């Protein structure tokens, strides 16, 4: 009897673990639909069935049991995608070595992070939860779907999204190196440690290839090469199985990485921040490299002093697939506004500006077949705005992920605590001092410095 | 001998040609008499004048209206289809004090010491920082620059974003900054216990009160000796104008508890002139602020809520909620290099409850009133400073382009380092290969 009980329990638990991702059906009626890739459709309905966009058109009848949202007078756009975020992670930097491709932010997903909810309140349905930039090669990074409300970290992950990894150049990894008196302490060192890692990864790959080949021969006696997750990941980058997302600011270091990538045959490369990307836009375009930038951040450190808010426009006009990202728990809530700044600085069209936070981000994460535009067959990730999303007065009203409403401004509570614990000691407000360390990429690493070296710089 | 003259002449000519060529590339501010014609003029205080003209002369608005004669010799700028707004005022920035972050040598934001009101932010402003042109071409013409640091970190000033020495930039207002003892956390990495936070705040408050009491004493001695009290006491000398109500205290308080604490302290100490700054949780205690009749400079609007459980848009809504309760509210960005986003901060405040009209006032006339310069700035009226900008639409709307900026009657160049980079790199030559 006891055994049966245990068996039932085990089954129950495993069923729970394998719980299906929640998918919903919803009909969004009569909105101005900004498909991004297929133009703007007035007075149009969008039907999401079981998590996927089933139909876009006029006068679609609601299937029985389908929730209907009246979007009359509103704008309906694809869920916004942030190509650079750290929301929903309980750790960001490993940073104990210049090269740590063995770690993975997907192992530290925190589904309770209120930052995810706040992102939803800005129409953001997917974010790229990147490793930090304390070291030259950081960790693999997870693409999150903002299924806020689930308690299971696994369900926050975008199933089927390609693997990505964080690289970092310039001040962050070299500051880190200088503090620890190790390479890289200069941009020369950054190139070297990256090349070294690629070379070791290549050797490792060749050793395994040889072993696997030899093994097939009858009578083979020999041991396999020692397993290394670190080198395995480097080999996977060379094989093209992982998209590199490279934290970078200056034109020289961007150009350097392009050459390194060329030498090792790495084609999938997205530069992050890329403040001086505009200076090497022709090189980026020629290589097929992509760029993810801030709309107007500059001068928060020396390496972004020679920036321009026209960066995204110059990159776009030169044919580089460009996105606007947040790297910030604050900015992620108004990426639509950040994208609109490219209309002020460079005169991008509505569709071009919206692409910077939707379809282009999807391309950079390798998921443009799934999300980034409103098209039949794509995921039912939708943001509904009162006013136009590129207007400063535009307000995100409803955000839908896989057909499930995850944010509704009308139902949003003043106090979002599920319950108030009388013993809780959390009622101390936090005020960010007006600072200039905009770069959230160093989070965690900075705290370590503080405890190790008694400094917070 | 003749040859020498010839050579000298050639050299002089060469130098002149060279200079002219160089000058052709350098754009600088231009003074003179200007007439901006056929414009939609948002006066802020007297509604909108359609198809109007503004004449700028001697740094002032000398004419404004629909029936204006353009003076002879005036440079006329046709503003058909365009809008004219008064220069926008940011109530709190570090512009000019900080060149770029993370390098101590590039920052003059703060000095050592808890009580140093004699430190003047304006004297450390770099009038030639590229940040200033980048800022003013957005339409933000005038900003408070204020020091950071301890309890009384120094004196803030209002400055116009044009001038070659700080005196040319000074816009007529000083305020002494007080960072009211903070019971909240300084950031997400501040791991002090609640008890430690409380003790630190109490200790600071005692220091602040003692300082103020000393300043009052100093003022009494100074009055009794008719200013002949010759003892050099820089801190108290700097505070004396505040005791006398000639200069306000700009009291920074953000947590609801601290705002109430500041209101109580001000009442107890009978401080004559006060501006509350920061006021992130003002919405929690808006009625109390309104009752105390103390004006507020709040921002950034584009900020996170101060508590995890607060509604996500509380910072967007804060200004509107305070205004609704009857508080006089002006905005600030609390930024350095992106003060240009003041207009977007105002736009968000407008969308989340403040409304467009009040949002406009919160970066123009209300700010000017709070800083005591509404006779010169904050609206477009005859006799006020010729500090304004011309744009092609609602200035808070993200894509709106600013066409011309005037500060004290000088026409600003519209190129900045950022536009220069755009011009150079939009179509880079050579591209990938040289030939």
Query raised in the report: Yes or no: residue B:237 within 28 Å of the chain's Cα centre (by Cα), surrounded by 12 or more Cβ atoms within 10 Å (Cβ to Cβ) and either more than 23 Å from residue B:323 (Cβ to Cβ) or touching a residue at least 40 places away in the same chain (Cβ under 8 Å) (or both)?
Result: yes
Query raised in the report: Considering A:233, A:174, which residue is free of Cβ contacts under 8 Å to residues at least 60 places away in the same chain, closer than 21 Å to residue A:258 by Cα and under 27 Å from the mean Cα position of the chain (by Cα)?
Result: A:174
Query raised in the report: Listed residues B:200, B:280; which is surrounded by 23 or more Cβ atoms within 10 Å (Cβ to Cβ) and either without any contact (Cβ under 8 Å) to a residue 40 or more places away in the chain or in a helix (DSSP H, G or I) (or both)?
Result: B:280
Query raised in the report: So which of A:332, A:314 is farther than 17 Å from residue A:128 by Cα and buried (at least 24 other Cβ atoms within 10 Å of the Cβ)?
Result: A:314
Query raised in the report: Assuming residue B:247 fulfils every condition listed in (1) more than 14 Å from chain A (Cβ to nearest Cβ); (2) surrounded by 21 or more Cβ atoms within 10 Å (Cβ to Cβ); (3) closer than 24 Å to residue B:202 by Cβ apart from one, which condition is it?
Result: (3)
Query raised in the report: Is it true that residue B:215 is over 26 Å from the mean Cα position of the chain (by Cα) and more than 21 Å from residue B:276 (Cβ to Cβ)?
Result: no
Query raised in the report: How about region B:80-122: which of its residues are surrounded by fewer than 24 Cβ atoms within 10 Å (Cβ to Cβ) and within 14 Å of the chain's Cα centre (by Cα)?
Result: B:97, B:122
Report summary line: Of the conditions (1) farther than 30 Å from residue B:385 by Cβ; (2) more than 10 Å from chain A (Cβ to nearest Cβ); (3) touching a strand residue (DSSP E or B) at 6+ places or on another chain (Cβ under 7 Å), the single one that residue B:187 does not satisfy is (2)
Query raised in the report: On the given criteria, is residue B:271 in contact with a strand residue (DSSP E or B) (Cβ under 7 Å, 6 or more places away or on another chain) and part of a loop (DSSP other than H, G, I, E, B)?
Result: yes
Query raised in the report: Only one residue in B:52, B:32 is within 23 Å of residue B:416 (Cα to Cα), touching a strand residue (DSSP E or B) at 6+ places or on another chain (Cβ under 9 Å) and modelled with pLDDT of 95 or more. Which one?
Result: B:32
Report summary line: Exception for residue B:103 within (1) at pLDDT 95 or above; (2) touching a helix residue (DSSP H, G or I) at 6+ places or on another chain (Cβ under 7 Å) falls at (1)
Report task. Would you confirm whether any residue within region A:234-244 is farther than 29 Å from residue A:355 by Cα and surrounded by 22 or more Cβ atoms within 10 Å (Cβ to Cβ)? Result -> yes
Query raised in the report: Among the residues of region A:439-447, is there at least one that is assigned to a loop (DSSP other than H, G, I, E, B) and modelled with pLDDT under 60?
Result: yes
Report summary line: Counting only helices (runs of 4 or more DSSP H) wholly inside region A:220-319, the ones holding at least 2 residues that are within 14 Å of another protein chain (Cβ to nearest Cβ) are A:251-264, A:281-287, A:311-317
Query - Search result, residues across region B:227-268 that are in a helix (DSSP H, G or I) and more than 18 Å from residue B:214 (Cα to Cα) - result: B:256, B:257, B:258, B:259, B:260, B:261, B:262, B:263, B:264
Query raised in the report: Mind checking which residues of region B:321-352 are over 18 Å from the mean Cα position of the chain (by Cα) and under 24 Å from residue A:397 (Cβ atoms)?
Result: B:321, B:323, B:324, B:348, B:350, B:351, B:352
Requested in this report: Would you check which residues across region B:66-105 are within 14 Å of another protein chain (Cβ to nearest Cβ) and assigned to a loop (DSSP other than H, G, I, E, B) and list them?
Outcome: B:94, B:95, B:96, B:97, B:99, B:100, B:101, B:102, B:103
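Quick check on region B:295-312. Is at least one of its residues at the interface with chain A (Cβ under 9 Å from one of its Cβ atoms), within 17 Å of residue B:366 (Cα to Cα) and touching a residue at least 40 places away in the same chain (Cβ under 8 Å)?
Residues of region B:295-312 that are at the interface with chain A (Cβ under 9 Å from one of its Cβ atoms), as a first pass: B:300, B:302-312.
Filter once more, keeping what is within 17 Å of residue B:366 (Cα to Cα): B:300.
So of that shortlist, the ones also touching a residue at least 40 places away in the same chain (Cβ under 8 Å) come out as B:300.
Yes: region B:295-312 contains one or more residues that are at the interface with chain A (Cβ under 9 Å from one of its Cβ atoms), within 17 Å of residue B:366 (Cα to Cα) and touching a residue at least 40 places away in the same chain (Cβ under 8 Å).
The values are calculated or read from the model by the stated rules, or taken from the named source; none is laboratory data. Only a predicted model underlies this, so the values are computations on that prediction, with no experimental measurement involved. Here the Cβ is made from the backbone with ideal geometry for all residues, glycine too, and neighbour counts use every protein chain on show.
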